[in-house]
Amino acid sequence: MMYDFFLDLFGNEILAAIVTGVTPLLFILLFVLFAVWLERKVSAHMQDRLGPMRTGWHGWLQTIADLLKLIQKEDISASANDKPLFNLAPILVFAGSYAAFAAIPFSSYFIGSNLDLGIFFIIGISGLVVAGILMAGWASNNKYSLLGAMRAAAQIISYEIPTILVVLTVVMITRTLNLHTLSEMQTGYIWNWMIFGGPGTGLEKFLLIPLMFIGFLVIYTSTLAEVNRTPFDIPEAESELVSGYHTEYSGMKFAMFFLAEYANMYAVSAIVSALFLGGYQSPIGYLGNLIGVSWLVPIEQFFWFTAKGAFFVFVQMWLRWTLPRLRVDQLMALCWKYLIPIAFVNLIIVGLITVL
Amino acid sequence: MKTAEEIFKILKDKFGDAVIELKTGVPVESYMTVDPLKIDEVCLFLRDEPELKFDNCMNLSGVDDANGKKEAQPDGTSNIVGGTLSVVYHLESVYLKHKLTLKVSTPRDNPQVKSVAEIWRSADWNEREAYDLFGINFINHPDLRRILMPYDWEAGYPLRKDYKNPEFYQGMKVPY
Amino acid sequence: MSFETNKSIEYKPVVKTEHMVLNMGPQHPSTHGVLRLELELEGEIITRVIPHIGYLHRCFEKHAEAMTYPQVVPYTDRMDYLASMGNEFGYAVAVERLLGIQVPERVEYIRVIMAELQRIASHLVALGTYGADIGAMTPFLFCFRDREMILSLFEMTCGARLLYNYIWVGGLSHDLHPDFVRKTRDFCTYFKPKIKELNDLLTYNKIFIERTANVGVLPLDTAINFGISGPMLRGSGLKWDLRKDDPYSVYHKFDFNIPVGEGKVGTVGDCWDRYWVRVLEMEESLKIIEQALDQLPEGDVTSAIPKRIKPPIGQVYARVENPRGELGYFIMSDGNVNPFRVKVRAPSFVNLGVMDVLCRGHMVADIIAILGSVDIVLGEVDR
């Protein structure tokens, strides 16, 4: 594991821990730089535009320019704000999404902390995001922010239920909460992925395939809602609530929310791919194994994991620039009337199959 | 479909003196003059009478007739004293496809007209506009307050012919 | 000052303890300008909407009294700035009726072509921004891309892209550019598949239908009583179009349909119907443009422009079908070179009056959907 690797390298536990902790942050920052640029380009090309073209090749330096601008901006806070909460909120939101990265296995070696309760930890720690958003909405002392925060809290908490139900479905089959073990179980080829019934064999596997597809769709929809992306971007619906809970934020604090949003996008994509699409496992085997260079395998795994995550992030963008936005009651109806019952029935059937 | 003359006859039979006269021969449209304090009854009849059925008030506009006496002021401008303000109603029947123009005139010093906002809701905002810009008081209007000008505008009614811009509004210089 | 405040009618903001008052606008991304809506909410349910207007009041009517008749034309452009051609058209029709003059055929045809192109451009903005209000950004940019082509046609004709000063009393400021007819035909062929694209992307989108069907239903009798006109009235199911019902210019020579709302996915008169009527109207406008291009007569477009416009004492109310509804000009003349009184019956102004009725009992998000389907232009509401 990564911590042991750095411990061997530096011979100092504290240094090793810090380096282990900073690596995902580095990844997040780089990924966000890329994703923001990608979002602009994806939206632009979908809309018959070019998007940023002036800063570097096809505008790839645009995000860095934006970042520089955001750093320079004045940190505005209105006199009616609740200052401590107002300042704490963006940190809490970012902390929530950053902490989730601790248990995400980027490859068989690159995992911040190989927790036995990995997926459980991720779902738990994401709750911090809700607290942060509520704090931001309340402390802004703005009706639009408050409405946005209320909607966000209601939405995220509701959609956690179908997410957890689907996670439970998977866990029942694999009998582990550890994401690293879960990924290892899906090793081999593409048909060992959970979406194709997992590593099992025989009739059970074939029975599981349709159920797993349903589970995958449910969890993808509900994670989309958890990270407030269109068609579920109701908390920050700009045509209704200006920009929801972060209306009053500027400069770096706004950038923190922004960072957290994109980090979250990747985090949920990573969870979905770890649960259903083999995590860091390659669908076609490893070049490293083929030519006998064993250190190449984790790098290939890292590539596959990033690629899967980036693909799902791309799908999220694709949906965002295609679909309109639901209304808040329709959103709740979708969750409580459709996703949760489907997830429940799915859970029960999978449970019966695994028991029998 | 009825002509203005036929409608005038019907109204004259029904309301007598409240319907004052029918002006024809003026370019381009003829209009009927009505008593400003009876206009609501006339309009209600026009709307509900099956053979008239004026169900749509296309337009309602205030007019400053500027037919009073001009009094020169020391600063070179002039005020108008006396004379009338008018309200012109353009009515239409969507189903019978005929049109009618009504006009009421009311004294400039105390302009009072009965409101037709309860008869045609489209007249609601138009009457507010006429109140806002001409200072015509519409009696029985549900919500008569300024609409285009600021609610605390205190320099009079801008579309009157003798309106003068104030120098300051809320401490801000107006002709900036 | 002779002003007296009438105490009983002073404005008092309505505040009740159990209700939340949310102030939407004048600076808000989807009030389409500087409209301010005072919303009374119970949770997210709207109990009352009070529109406050006047933030863009530019005294058009006062200005017009100080101008000569031809000088008013550029001011009319600035009312409904998304349909400037229509505004000029209406004004020209009104003054010509007051003067009693006839304009050459060619002028009328060009006016009709311009007005119909403007209708398409205006509806494209309406439909695109409506999609953006509902949360779909992509149709918005598609619509603007196509509108841009119409603006280029206008630019080719008169040099301006938004405020044209093209249709004058008695004629036009310029004749058409030699390429205009060909380019307009090209545009018509280009644009037809784009309507289908818009339908696939937005109109029949499930989420879009969920958001707009059965929302903000406007019954027909309410609509007529409120003086609603244009696509809103047709969305409520009445076949009423001034181009057919009170023909002006040369519209009687063209063959086109009047689309009405049928409640295809919800109730007659809901937001989707109003949206759908606009989509269909674009197709009808294309039909009119093509017919007009085929029949376009030759002639001089400036010959009938009077040297000096001095109408007789009298009054006229002339109305045209603007993209947003019935645009009426009430012009009074006292025999001078400048109008005595110009009152504009602005369709947006009248249509906006029905907001409270449409919004009650809906949610905050529906306000956006309803306001977008009413399709107001604040320049025209405030004048």
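Where a number appears in this text, it was derived from the coordinates with a stated rule and is not lab data. What you are looking at is a predicted structure, and each value in this text was computed from that prediction instead of being measured. All Cβ positions, even for glycine, are placed from backbone atoms using ideal geometry, and neighbour counts span all protein chains on display.
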Equivalent-ellipsoid semi-axes (√(5λ), Cα gyration tensor) for region A:1-72, whole Å, largest first? 37, 13, 9
Which far-off residues, 5 or more places away or on another chain, put their amide H under 5 Å from the one on residue B:103, with H placed in the peptide plane? B:32, B:33, B:34, B:89
Mean per-residue count of partner chain Cβ within 10 Å for B:125-131 equals 4
Percentage, to the nearest whole number, of Cα pairs in the protein assembly as shown over 48 Å apart: 36
For a label point 7 Å from the Cα of residue C:47 along Cα→C-beta, name the residues of region A:133-157 whose backbone N is under 20 Å from it. A:143-144, A:147
Among C:201, C:92, C:363 the positive-end extreme of the charge dipole of chain C (Cβ point charges): C:92
Past the 19 angstrom mark, what percentage of all C-alpha to C-alpha distances in region B:20-102 do you count? 50
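Based on DSSP H runs of at least 4 residues, each adding -39500 (n - 2.57), what is the mean residue ellipticity at 222 nm of chain A after dividing by all its residues, to the nearest 500 deg cm²/dmol?
Numbers: 15 runs with 240 residues, N = 356.
Rounded to the nearest 500, it is -22500 deg cm²/dmol.
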Chain C, relative contact order in percent, only Cα pairs under 8 angstrom and at least six apart counted: 26
So if R0 is 56 Å, what FRET efficiency would residue C:161 and residue A:314 give, r being the distance between their Cβ atoms, rounded to the nearest 0.05? 0.95
Candidates C:38, C:321, C:281, ranked by Gaussian network fluctuation over chain C, Cα under 10 Å, top entry: C:38
Once all Cα-Cα distances of chain A are split into 20 Å bins that start at 0, what whole-number percent is in each one? 28, 58, 14, 0
Please list, by residue number, every one of the chymotrypsin sites (Phe, Trp or Tyr not before Pro) in region A:251-356 that is coil in DSSP and has at most 14 other beta-carbon atoms within 10 Å. A:295
Explain nothing, just the number: relative contact order of chain A, from Cα pairs under 8 Å at least 6 residues apart, as a whole percent. 22
How large is the translational diffusion coefficient of chain C in µm² per second when you combine the Kirkwood radius over alpha carbon pairs with Stokes-Einstein at 25 °C and 0.890 mPa s? 114
Rounded to the nearest 0.05, what FRET efficiency do residue A:65 and residue A:289 have when you use their Cβ-Cβ distance and R0 = 41 Å? 0.45
Rounded to the nearest 0.05, what FRET efficiency do residue B:143 and residue A:82 have when you use their Cβ-Cβ distance and R0 = 45 Å? 0.75
